[in-house]
Every structure is written in structure tokens, then in C-alpha cells.
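See below for the structure under consideration.
Here, each number is a calculation from the coordinates, and none is a lab measurement. Note that the structure is a prediction, hence the values are computed from the model and not measured. Glycine also receives a Cβ, built like all others from the backbone with ideal geometry; neighbour counts cover every protein chain displayed.
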Amino acid sequence: MSQLSYKPETCEELPFSDLHCHSCFSDGELTPAELLKGAADKGVGVFAITDHDTVVGVAELKSAAPEYGILAVAGTELTCQWGRSMVHIIGLGFDECHPALLDYLKQLDALRLMRAGLIAEKLCKRNIPDLLPRAIELAGNGQIGRPHFALAMVEAGVVNNEVQAFNRYLGAGKVGDVKVDWPTMAQGIDIIHQAGGVAVLAHPTKYNMTFTKVRLLVDSFSEQGGDAIEISYPGVESGHMLQLDKLASKHKMMVSAGSDFHKKQFHWTGIGKYPRYSSNNLHVLSKLLQH
Ligand code: AMP
Ligand code: MN
Ligand code: MN
Ligand code: MN
């Protein structure tokens, strides 16, 4: 699959990668080609886009990647239900044309559109103008989400910036955080496996859970067949990174890392930017490069 040489035994010998990144096909601002240019500038050799609940940008990523000397990996970030919590499962290295996966994602298109209508209704009840048409327009050909409402709110002058929109209206427990029946975590893992990919638990400390609950989440992710844990991502504490790495060892799971880049304006993030770490566990990249 790759002309890159590597030794799977050690993370250090692997090519520099970014396996978590968003394009304009969900809530990121750049096209796949623009992301590839940014990735090449940072010396990234293997790059995945992981748009929320869609694979629409993957074909463009794959066709443009050779021009930048980058190995492209198919990716997505699936929104899943785990008990009462919403969690994100990253799929990597799957067949982006797999019929069952496309069917699964088609249902998510409908679910997200329905949810967008509900979000707009809830916001209207707070005397905010109807933002649905603009949010749909901002989402374009991509998957609609709360960040498009955040942008529409900034444009309408309801808030000063997107972070404020989340803090006041869209974040966890706020009026625009509308609950819908996302597929379960088991269904998310299963569809990634059906399409031939690896399932990675994204940013485990970003779900507003105690670390005790994070352990339960990892236990359950492992029991359901999950393959890897993302241990390095923006904002993760170094102590947590170590604990997540230990959990990966305990469950014989692989580890992954990525920038979760969305846009330049979020100056605390950048393509290829995630905390340095060391791990004795296998990196997902080793597996992806074996395909
Ligand atoms: P959704 O996929 O519609 O549930 O929206 C979730 C996305 O909103 C995440 O992937 C982030 O990109 C963004 N997001 C979540 N919380 C915040 C926040 N507090 N501030 C800014 N963006 C956020
Ligand atoms: Mn996002
Ligand atoms: Mn996420
Ligand atoms: Mn993400």
C-alpha cells in the first residue's frame, strides 16, 4: 500500500501522521486539497480526514494526496450513543464505498437534518431568529452540525464568537444540545469493521466524564470490539495521556493520535499538532500500513 518504510514495533519509526482532522465536508473550513497542502507544509506523511458522520470528502482526499507526496487514509468520526452519553468513534482505513457503511451514513444525514430542525425550533423559542436556512447553507454539501448554528449565530449578531455560542446555547446541557437517538457505540464499531476499518475511541477525556467513568467507557469500547484509543489530542493532560496508554495496554488495544483540526481561527489547534507522547503499544498506523 505504501512506499514509506517503517518498523511496526516502535512508534518513533513510523512516518509522521495526523489521523484526526475535519474538512469543509463537516465542520472544518478547508477543502481536502487545502488540508493536504497544510499537512505537507508540516511534514505530515500520512493523513486522514475524519469528518463527522460522513465520508464525502475521502475520494477528493485520495485523488489529491499523491500530488503532495502524502499517503491518504479514509476516515470518519461517528457520533454514537453510550448509555446517556454521546461519544465519538473514529473509523480509519475502511472502504469508503462499502454499501452498508454508505447506508448507515445516509441515515445519519437524515438524523442530523432532523436534529438541525429541532435545534432551530428550540432557539426560536429563545427569541433567536430562524437560523435553519443559513445553517443548511453553511453546511453546503457537508454534514450539518451545531458548529454551523454557532457560525450563523455569530453572523446574526446573537453572540460574539462560536465559543460563546456553545457556552450559551449549543454546548452540553444547553437549549440547542438537542438529544436524538444516535446509533449505539456497538453499531458504530460494527459498521467500521464491516467496511474493513479500525475503530478508535476519540478524545476519551473530552466527554465531561470523571476518569472513573472514562475507564468504564474504555472497558465497554474494548468489550464491544473497539481496536484503539486516541491518547494524544489537543488539550489532553499529560497524566491522562499516560493513563489512557495504560488502559490501551490493559485491553491490548492500539493507540492513535491526531490534531482534531477544524479551522485556523481556533489558534490552539493546527494540522499535525498534538502533544508528544511515547507508548509501547502498537500505533494504529502500523496496522493501516500493513493493509
Ligand atoms: P455536533 O457534531 O453537531 O454534535 O457538534 C459537535 C462539534 O461541535 C464538535 O466536533 C466540535 O467541533 C464543536 N464543539 C463542541 N463543543 C464546542 C465548544 N464548547 N466550543 C466550540 N466548538 C465546540
Ligand atoms: Mn467538530
Ligand atoms: Mn470529536
Ligand atoms: Mn473531531
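Taking the Cα centre of the chain as origin, work out the dipole magnitude from +1 charges on Lys and Arg Cβ and -1 charges on Asp and Glu Cβ, in debye rounded to 20.
For this selection, approximately 880 debye.
Where Lys and Arg each count +1 and Asp and Glu each count -1, what net charge lies around Asn208 among other residues with Cβ under 14 Å from its Cβ? Walk me through the numbers before you get to the answer.
On the way: positive: Arg84, Lys174, Lys206, Lys213; negative: Asp177.
Taking every Cβ under 14 Å from that of Asn208, the sum is +3.
In terms of the ratio Rg/(2.2 N^0.38 Å) built on C-alpha atoms, what value belongs to segment 34-121?
Ratio of Rg to 2.2 N^0.38 Å for segment 34-121: 1.26.
Which of the peptides 157-169, 99-111 is most tightly packed, and how do the rest follow, judged by the mean count of other Cβ atoms within 10 Å per residue?
Ranking, from highest mean packing down: 157-169, 99-111.
Taking segment 141-215 as the region of interest, what is the percent of Cα-Cα pairs per 5 angstrom bin, listed from the shortest bin to the one with the maximum distance?
Going from the shortest bin to the longest, the percentages are 3, 13, 14, 17, 20, 15, 11, 6, 2.
In square nanometres, what is the average projected area of the Cα convex hull of segment 136-291?
Result: a mean projected hull area of 10.9 nm².
At what distance in nm do the modelled label points of Phe16 and Lys125 sit from each other, each positioned 7 Å from its Cα along Cα→Cβ?
5.0
Take the Cβ-Cβ distance between Ser278 and Glu67 as r, set R0 to 35 Å, and report the resulting FRET efficiency rounded to the nearest 0.05.
Once rounded, the FRET efficiency stands at 0.60.
If each DSSP helix of 4+ residues adds -39,500 (n - 2.57) and the sum is divided by the residues in the chain, what number results at 222 nm, nearest 500 deg cm²/dmol?
That comes out to -11000 deg cm²/dmol.
Could you run the Debye sum over the Cα atoms of segment 71-190, one equal point scatterer each and no solvent, and tell me log10 of I(q)/I(0) at q = 0.17, 0.20, 0.21 Å⁻¹, two decimals?
Computed log10 I(q)/I(0) values: -0.90, -1.13, -1.20.
Placing +1 at every Lys and Arg Cβ and -1 at every Asp and Glu Cβ, with all other atoms neutral, what dipole size does segment 141-291 have around its Cα centre, in debye to the nearest 20?
320
With each label point set 7 Å from Cα along the Cα-Cβ vector, what nm distance links Met86 and Asn161?
About 2.3 nm separates the two model spin labels.
Mind jotting down the distance between the C-alpha centroids of segment 200-237 and segment 108-150, whole Å?
28
Using only alpha carbon pairs under 8 Å that are at least six residues apart, calculate the relative contact order of the chain and give it in whole percent.
Answer for the chain is 21 percent.
Of Thr31, Val284, Thr212, which is farthest towards the positive pole of the chain's charge dipole, taken about the Cα centre with +1 and -1 on the beta-carbons of Lys, Arg and Asp, Glu respectively?
Working it through, the farthest residue towards the positive pole turns out to be Thr212.
With all pairs of different alpha carbon atoms counted, what Kirkwood hydrodynamic radius in Å does segment 204-248 show?
10.7
Which three extents, in angstrom, do the Cα atoms of the chain have along their principal axes, listed largest first?
Rounded to whole Å, the extents work out to 58, 44, 37 Å.
Pull up all non-local amide H partners of Leu78: gap of 5 or more, or a different chain, and H-to-H distance under 5 Å with H placed in the peptide plane.
The answer is Asp53, Ile89, Ile90, Gly91.
Once both axes come from the Cα atoms, what is the angle between helix 185-194 and the longest principal axis of the chain, in degrees from 0 to 90, rounded to 10?
That works out to roughly 50 degrees.
How many percent of all Cα-Cα pairs in segment 212-277 sit more than 18 Å apart?
Everything past 18 Å amounts to 40 percent.
For Lys213, go through the lysines and keep the ones whose alpha-carbon is under 25 Å away, minus same-chain ones fewer than eight residues off.
The qualifying lysines are Lys174, Lys179, Lys246, Lys250, Lys252.
Given Cα positions, please report Rg to Rh for segment 9-77, the hydrodynamic radius being the Kirkwood one.
Numbers: Rg = 11.4 Å, Rh = 11.8 Å.
Ratio of gyration radius to Kirkwood radius for segment 9-77: 0.97.
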